Amino acid sequence: MMSIISEHGYRIDGRLPHQIRNINCRLGVYPQAEGSSYIEQGNTKILCAVYGPHEAKRSKQLQDRCVINCQYSVATFSGLERKNRPRGDRKANEFTRLLEKTFESAIMINAFPGSQIDIFCEVVQNDGSLLAACVNAATLALCDAGIPMKALVSASACGFVDSKCLVDLSNREETDLTPRMTVATLGNTSQIVLIELENRLHSNHLPQVLAQSTKTCADVFECLHAAVRAHLPGSVAIF
């Protein structure tokens, strides 16, 4: 079995532990939606569409703020094995809940009482760090839709192997029993709006992983900010 980190300190794909994969993204890729985006983080590819704000169903309406409704799904061709993954499976439901909580903290929800904003994330290709990539794609789609947010949200997944933090994990690195954490921050700050831990991590290592995760979020933020500036010239000041 190949080690995640070589004796020379390199990962399976040739990156150093602190290096993120290349990020390529586009906004406005689906004209039928109010906002949309497509993002590639390495070989992980996510398509996101945003609809609204529109009037919420009476059963879901909140008089003081809008409802954030997210749906997460995985294309059958996204991985090496073609599987029909039901939209309501346990992992999809967990990601949906985390995405909703994240953007409830970021969107100015009090500006749209009684309404609803729908965020749809589709995994086109899976090569790890799915939740982080969905957060980043949704941020761009919300910007494209003109939804007011407190700041851009940027996310990163970080693992801990051999006393080292590995950022922006690939699928190969995630399939080992690696303690890993997904963190999202608001703007170019250390204000955390999402934190998810998978597998056990000793409490002594938590500060190191959390610090590296927030630092990586700042790196991702620069990429997202540049994409928004290129797509929406003149709106830079709000970020």
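The values are calculated or read from the model by the stated rules, or taken from the named source; none is laboratory data. Keep in mind the model is a prediction, meaning the values are calculated, not measured. All Cβ positions, even for glycine, are placed from backbone atoms using ideal geometry, and neighbour counts span all protein chains on display.
List of remarks:
- Scanning the range 96-114 for residues that are at pLDDT 95 or above and aromatic (Phe, Trp, Tyr) yields a single hit, 103.
- Candidates in the range 137-186 are the residues that are in contact with a His (Cβ under 9 Å, 6 or more places away or on another chain) and free of Cβ contacts under 8 Å to residues at least 60 places away in the same chain; of these, the one that is surrounded by the most Cβ atoms within 10 Å (Cβ to Cβ) is 160.
- In the range 96-122, residue farthest from the chain's Cα centre (by Cα) [restricted to those that are aliphatic (A, V, I, L, M), crowded, with 23+ Cβ neighbours inside 10 Å and not in a helix (DSSP H, G or I)]: 117
- In the range 158-170, the qualifying residues are those that are part of a loop (DSSP other than H, G, I, E, B), over 22 Å from residue 225 (Cβ atoms) and not small (Gly, Ala, Ser), and the one that is nearest to the chain's Cα centre (by Cα) is 169.
- Evaluating residue 80 against the criteria (1) part of a loop (DSSP other than H, G, I, E, B); (2) modelled with pLDDT of 95 or more leaves one unmet condition, (2).
- If you check 174, 196, 222 for being over 19 Å from residue 27 (Cβ atoms), assigned to a helix (DSSP H, G or I) and not aliphatic (A, V, I, L, M), only one passes: 174.
- Residues that are closer than 20 Å to residue 42 by Cα and under 13 Å from the mean Cα position of the chain (by Cα) within the range 171-193 comprise 181, 182, 183, 184, listed in sequence order.
- For the range 26-76, the tally of residues that are part of a strand (DSSP E or B), of a type in the set (A, V, I, L, M, F, W, C) and at pLDDT 95 or above stands at 10.
- Condition check for residue 201: of a type in the set (A, V, I, L, M) and crowded, with 21+ Cβ neighbours inside 10 Å: no
- Close Cβ contacts (under 8 Å, 6 or more residues apart or on different chains) running from residues in the range 11-36 that are of a type in the set (A, V, I, L, M) to residues that are part of a loop (DSSP other than H, G, I, E, B) comprise 12/2; 12/4; 12/170; 16/9; 16/10; 20/168; 27/232.
- Candidate set from the range 199-214 (those that are touching a residue at least 12 places away in the same chain (Cβ under 8 Å) and assigned to a helix (DSSP H, G or I)); member that is farthest from residue 128 (Cα to Cα): 208
- Counting only residues that are farther than 15 Å from residue 19 by Cβ and either in contact with a helix residue (DSSP H, G or I) (Cβ under 7 Å, 6 or more places away or on another chain) or modelled with pLDDT of 95 or more (or both), the range 152-174 holds 5 of them.
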